[in-house]
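Here the structure comes first, spelled out in structure tokens, and everything after it is commentary.
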Amino acid sequence: MTTIPIEYYLVLSAFMFITGVIGVLIRRNAIIVFMCIELMLNSANLSLVTFSSYMGNSIGQVFVFFVMTVAAAEAAIGLAIIIALFRNKMTLNIDEVNIMKW
Amino acid sequence: MTQYIYLTVLLPLLGFIVNGIFGKKYFSEKISGIIGSGTIGASFLVALLSFIQVLGLPSEQRSIEVSLFNWFNIGNLNINVAYQVDQLSLIMALIVTGVGFIIHVYSIGYMHNDKGFARFFAYLNLFIFAMMNLILGSNFLILFLGWEGVGLCSYLLIGFWYDRKFEKSTTSDAAKKAFIVNRIGDFGFLIGLFLIYLTFGSLNFKEVFPAVNAMSNTTIFNLIALFLFIGATGKSAQIPLFVWLPDAMAGPTPVSALIHAATMVTAGVYMVARCSVIFASAPAIMTLVAVIGAVTAIFAATIGLVQTDIKKILAYSTISQLGYMFLAMGVGAFSAGIFHVMTHAFFKALLFLGAGSIIHAMHDKQDITNYGGLKKYMPATYKTFLIAALAISGIPPLSGFFSKDEILWNAFANGGVVLWLVGVVTSLMTAFYMFRLYYLTFEGKERFGHDAHPHESPKIMTIPLIILAVLSVIGGFVGIPAVFGGENSNLFEKWLEPVFADANRKLSFYNSYGHTTEILLMLVTVTGAVCSILLARFIYLKRISIADNLSRTFPKVYKILLNKYYVDEIYNTAVVNPIVKISDRFLWKITDNKLIDGLVNGTADVILLISGYIRKIQTGVTQIYALVMVLGIGLAIFWLILSIK
Amino acid sequence: MENLKTLVDSLYLLKPEIAISCVLVLVIIMDLIMDKNKTFLPYVALTGFIITAFLVVEQYFFKTSITQNLQKLLVIDAVGAFFKLIVILASCLIVYFSLISKEVKEAFDRHGEYYALICGMVIGMFFMISSADLIMIYLSLELVSLSSYVLAGFTKNSLRNSEASLKYFVFGAMSSGIMLFGISIIFGLTGTTNLLAVKSVMAAGGNSLTFLFASILIFAGIGYKISAAPFHFWTPDVYEGAPITITAYLSIASKAAGFALLIRFITLGYVQQIDASGAWQLVAGSIDWKKFFTVISILTMTLGNFAALWQDNIKRMLAYSSIAHAGYLLLGVVVLTNQGLSAVILYFIVYAIMNLGAFLVVMLIANKIGSEEIDDYKGLGYATPFLGVCMAIFLISLTGLPPTAGFIGKLYLFTALIEAKMIPLAVIAIINSVVSLYYYIRVLKHMFLTRPQNEDLVINTSFAEYVIVLVLAVPVILFGIYFTPIVNLAKNSVALFLQ
């Protein structure tokens, strides 16, 4: 049985991260932006788990649990904020949220 | 009590803060007055207790430094907020808080019903705070802060009635004049301080003064002393910077008494006395000080002869007496000078407060030609005023006699006959114009209209007068000259001796004249003074026509004196107008308006323009923010790659 | 078992954190139990904060520089204790502000959550200040961020509030995501998350470009907390939109914790040793932090100051001003010396007082006239001389003119720069201060030199307001004149710093 080389995981992780960043930058819908942020966190999780597994070091996996908890809290808060915004403005388009500028 | 000496500084500050913040809204006149004078009274008590305690110490332990905290320590400039308790500062502290307290109490009556009552007391307290810093500070920086502080208070108080007219202009103009003229002196003083710091690397008294003894470079001392003295001429209204003091009379009369007679104007004298070692090391400047003092004394006295505004006469008399003090400093009679500061504080404050009482009674009219016969209406004012006039004229055994005599004697012994003669003539003139003022005011016919109803002032004003009168009578007995009481009778001089020991050693005068000469000179002065008084009585009580004839016979002299030698006009033509014109035509319209404004406004416009673009980055769209952030990280990584190579 | 024992033994080091956690729990429970009357909740929080403050003071005097006991996760030292003190004192004041703020009073009735979230932020910031491990850094940062996202949008029915909250959230989540990615790379390179261990691996030659790249990514997370350019964009919008008490809180406490974290991150992760003169020597081959921070601080203060020139909303202006101040504070970090660090600490004391003061006056005025537009400040100096004069004191201090404490703070920062021979940077900083004069004084001009719109407007100040304004205004003047104590405090805090 051949193991999958570490590079594969890392490339995937980097790809996920970049996808996440670009998604945050270009998507208009707030919910999709949030999902992209989750994507960024998960890419970090993936590389943490990968390193952890390859080095036989459990710290990385423990860290991932923490990150997952944080991500859950973040998602809850993010959705709450979106609901509050939607009630006030009746839109989910993030680029229309710009009454404060300059 | 000496370790609590800082209370004498802090209490007035407290009074200022409390009266300044809450006075107008929350306090009645009574409370404001009690806070204002109470804090000063408490300060006086602290000073008095400290004085008594120091009195009990042997003379070499009488100089105590009370350090509050280290203010800053940058490079080798180490400044403590520390107060110096020694013979000189205690005397000054007693004068300032004592006379200050009396004047504060008097002001409660004088300022009654004024809309700025609380503000007045706040300013007065602030003044005492600054003055105490000036006196007690144990380094030149604290002294300078006090120096500037009293200047500020003087400005605020001269312009206190900012909405009133004064002579041809307004009180604010008088205040501005005082401030600007003082600034010229302050500038000199500041240069002196820089020189001191450059020469000695310190600003603390206890490091600078001993260092002076160790150095023998006269040039630098001449320079330092000169600049310090320029500072003193500004604050103490000496030639050529005296012009502000007569105008300072625009302020309320208690202010004139406290600041422009008894305390602030003597700051210059105090400063010279404090730096006596430096001055003693600069013989040329000592002579200059003596000459300026003598000339100022006689110059101001001649002007005083013909003035008709009661406060103006007293103002010129103050300048003249300050000249006396500088004469004393210049001939090395430091303790005599300080002695005169003290007696002068008593009788001149009394004269001003008496004048205030009269002005109060005459409904703000100040021209003495419209007074006359006030004796029977205002008995207390009349008696105390008479005592003060006798004291300033140098009639024994009132206080003025002793201090003046000591100065004249020192001028004769150490300075020469000319200085003495100038002093004596000044003294005769002083006696003359003081009694001219006295007779025109209190004796003779009533020359005021029927609508005026002169009346004695309330007790709160007359009791301070009485206290000051008592002090004017007995104040001189602490300095009985050796010729009367033997070696140890001059307590005042003995008390101050350690402070001036270093300076006196440098000057090392030896007295070649005997007691007979001294008594003879004394007789000349006293007889002269009595004659002057009698002459004034004859002219202004019996033959008023003589005065008119005189002024008609010598119209030019009269006119020159009446117009104060046209000094203001000369300054206006020679200094003020050219500066105004240059400023107006060149500095303002070209340099300032075009060059500097152009530069500044241009820069400002460019900055505004740039910033107008910069803020546009902040588009309000979150994703743009994130984009810029990502680009920033990208740039940083790019820089990393470049720097690694 | 051995580990557990050392952990239990070292619990005393966490007294402040434990105390504040108890307060958090207490506030939540009381909020649940007491249905009707919740007015006492702020007092519970306030009492808890004050007790914590005493525990922090106790910690300040521990005299131990670094503590290995807590599984090397945390560092307890005087510098940390100092920043904790700033945080906890700011929290006390903010609770007090919230009590007198009309906005907080009117806009919602969920006091329990409000104070619980503040407690949460405090816990997060405490851990941020003492963390020595990348996991700890990430978790504490997130704890602070999550609480503040909610607080920024606490008045749900206001559009500005939700907008502030959303922007804060998106920006914050993104930068912490970037930071996390950086952390994962460092973990991969070194096999550890402890900063000291990371440093030793790096010093042994593992200092590759990838590693530096990861460091930059981690800095993104910290830079966003201290609002350094180009991570500052959220600041103006969030400050303007959030309730003013929270704005003030973010500008002081959150920034203090961020700076403490930055200093911790640099000193633990990159500084090889501190030499006798107090200069920090970086590990060979690490990022040239000096250059990096120089650029960042110039960018930060210039962007902050220049953008502030145009602002019409005073809260937004103060937001830009706080960005500029982050730039000034970075100057103390740029020099990488102990002297610079003590200058940062000194400046933080001053900055906390004057900035809180300015926000307080803005809040009190907004309470009365219901506006935060600078144009509405016309003639207010006459309607309320007391607040006007105090505002003048705070703004002059923010500009950095004597005789205020702001001048002393800047003086020591610039002295540190000049002694480190970084004179061009000092010149740029001074020019920036001059520019800042314009927008600070503009407010005063409106207050004192223009005619009031409503001549009869008289603003009364209650006793509680008087007291709190004076508590902030007096030290600004006092420390401007008598600054030896704070200078000594700053020097003493650094004396025991590291090694």
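Read-outs throughout are calculated quantities, based only on the coordinates presented, and are distinct from any laboratory measurement. Only a predicted model underlies this, so the values are computations on that prediction, with no experimental measurement involved. Virtual Cβ from ideal backbone geometry, glycine too; neighbours counted across all protein chains shown.
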>> Could you give each residue of the stretch A:53-59 its phi-based ³J(HN,Hα) in whole Hz, using Karplus coefficients 6.51, -1.76, 1.60 with θ = phi - 60°, and x for Gly or Pro?
In response: 5, 6, 8, x, 10, 7, 3
>> Could you tell me the extents of chain B's C-alpha atoms along the three principal axes, largest first, rounded to whole Å?
In response: 104, 63, 50
>> Let me make sure I get this right: for the stretch C:404-499, a, b and c are the square roots of the gyration tensor eigenvalues over alpha carbons, sorted descending. Under 1.5 in a/c it's rounded, otherwise prolate if a/b > b/c, else oblate. Which is it?
In response: oblate
>> Tell me the Kirkwood radius of the stretch B:334-562: reciprocal of the mean inverse pair distance over distinct alpha-carbon atoms, in Å.
In response: 19.2
>> Beyond 15 Å, how much of the Cα-Cα pair distribution for the stretch C:201-284 remains, as a whole percent?
In response: 66
> Relative to the Cα centre, what is the charge dipole magnitude of the stretch C:299-499, using +1 at the beta carbon of each Lys and Arg, -1 at the beta carbon of each Asp and Glu, and rounding to the nearest 20 debye?
Replying inline: 420
> Please state the equivalent ellipsoid semi-axes for the stretch B:282-406: what are the square roots of 5 times the Cα gyration tensor eigenvalues, largest first, in whole Å?
Replying inline: 30, 16, 10
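Where does each of C:257-263, B:553-559 land if you order them by average Cβ count within 10 Å, highest first?
C:257-263, B:553-559
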> Quick one: Kirkwood hydrodynamic radius for the protein assembly as shown, alpha-carbon pairs, angstrom, one decimal?
Replying inline: 34.7
>> Given 20 °C and 1.002 mPa s, compute D for the stretch B:568-644 with the Stokes-Einstein relation, Rh being the Kirkwood radius over Cα pairs; round to the nearest whole µm²/s.
In response: 123
>> As a test of the formula, what do you get for chain C when each DSSP H run with n ≥ 4 contributes -39,500 (n - 2.57) and the sum is divided by the residue count, at 222 nm and rounded to the nearest 500 deg cm²/dmol?
In response: -24500 deg cm²/dmol
>> Give the average, rounded to an integer, of partner chain Cβ atoms located within 10 angstrom of each Cβ in C:135-143.
In response: 3
> How would you order B:357-369, B:203-215 from highest to lowest mean count of nearby Cβ atoms within 10 Å?
Replying inline: B:357-369, B:203-215
> For the pair residue B:77 and residue C:382, what calculated FRET efficiency results from E = 1/(1 + (r/R0)^6), where r is the Cβ-Cβ distance and R0 = 30 Å, to the nearest 0.05?
Replying inline: 0.15
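With N set to the residue count of the stretch A:6-93, report its C-alpha Rg divided by 2.2 N^0.38 Å to two decimal places.
Its radius of gyration relative to the 2.2 N^0.38 Å reference: 1.28.
What do you get for trypsin sites (Lys or Arg not before Pro) in the stretch C:379-479 restricted to DSSP loop and a cutoff of at most 15 other Cβ within 10 Å of the site's Cβ? List each step's numbers first, then the result.
Numbers: sites: C:410, C:421, C:442, C:445; in loops: C:421.
The qualifying sites are C:421.
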> So who's got an amide H within less than 5 Å of the one on residue B:169, skipping anything under 5 residues away but keeping other chains? H placed 1.01 Å off N, in plane.
Replying inline: none
> Say each of residue C:160 and residue A:19 gets a label point 7 Å from the Cα, pointing the same way as Cα to Cβ; how far apart are those two points in nm?
Replying inline: 4.0
> Near the amide H of residue B:64, under 5 Å away, which other amide H atoms are found, from residues 5 or more places off or on another chain, if H is placed in the peptide plane?
Replying inline: B:85, B:86
> For the stretch C:299-499, what does the equivalent ellipsoid look like in terms of its semi-axes, each the square root of 5 times an eigenvalue of the Cα gyration tensor, given largest first in whole Å?
Replying inline: 32, 19, 12
> Under the definition of partner shielding as Cβ atoms of other protein chains within 10 Å of a residue Cβ, what is the mean value for peptide C:482-491?
Replying inline: 2
> Principal axis lengths of the stretch B:203-298 from Cα atoms, whole Å, largest first?
Replying inline: 47, 28, 15
> Under a point spin-label approximation (7 Å from Cα along Cα-to-Cβ), what is the residue B:538-residue C:209 distance to one decimal in nm?
Replying inline: 11.2
>> Please compute the average number of Cβ atoms from other chains found within 10 Å of each residue's Cβ in peptide B:519-525.
In response: 0
> Around residue B:80, which amide H atoms from residues at least 5 apart in sequence, or from another chain, sit under 5 Å from its own amide H, with H modelled in the peptide plane?
Replying inline: B:71
> What ranking do B:535-547, B:190-202 get when scored by the average of other Cβ atoms within 10 Å per residue, highest first?
Replying inline: B:190-202, B:535-547
> Say R0 is 22 Å: what FRET efficiency, to the nearest 0.05, do residue B:145 and residue B:194 get from their beta-carbon distance?
Replying inline: 0.90
> Taking N as the number of residues in the stretch A:22-61, what value does Rg over Cα atoms divided by 2.2 N^0.38 Å take?
Replying inline: 1.53
> Quick one: putting +1 on the C-beta of Lys and Arg, -1 on the C-beta of Asp and Glu, what dipole do you get for the stretch B:384-477 around its Cα centre, in Debye to the nearest 20?
Replying inline: 60
> Using unit Cβ charges (K, R positive; D, E negative) and no other charged atoms, how large, in debye to the nearest 20, is the dipole of the stretch B:334-562 about its Cα centre?
Replying inline: 720
> Any idea what Rg and Dmax come out to for chain C if you just take the C-alpha atoms, in Å?
Replying inline: 21.9, 75
> the stretch B:1-138: D in µm²/s via Stokes-Einstein (Kirkwood Rh, Cα pairs, 20 °C, 1.002 mPa s)?
Replying inline: 138
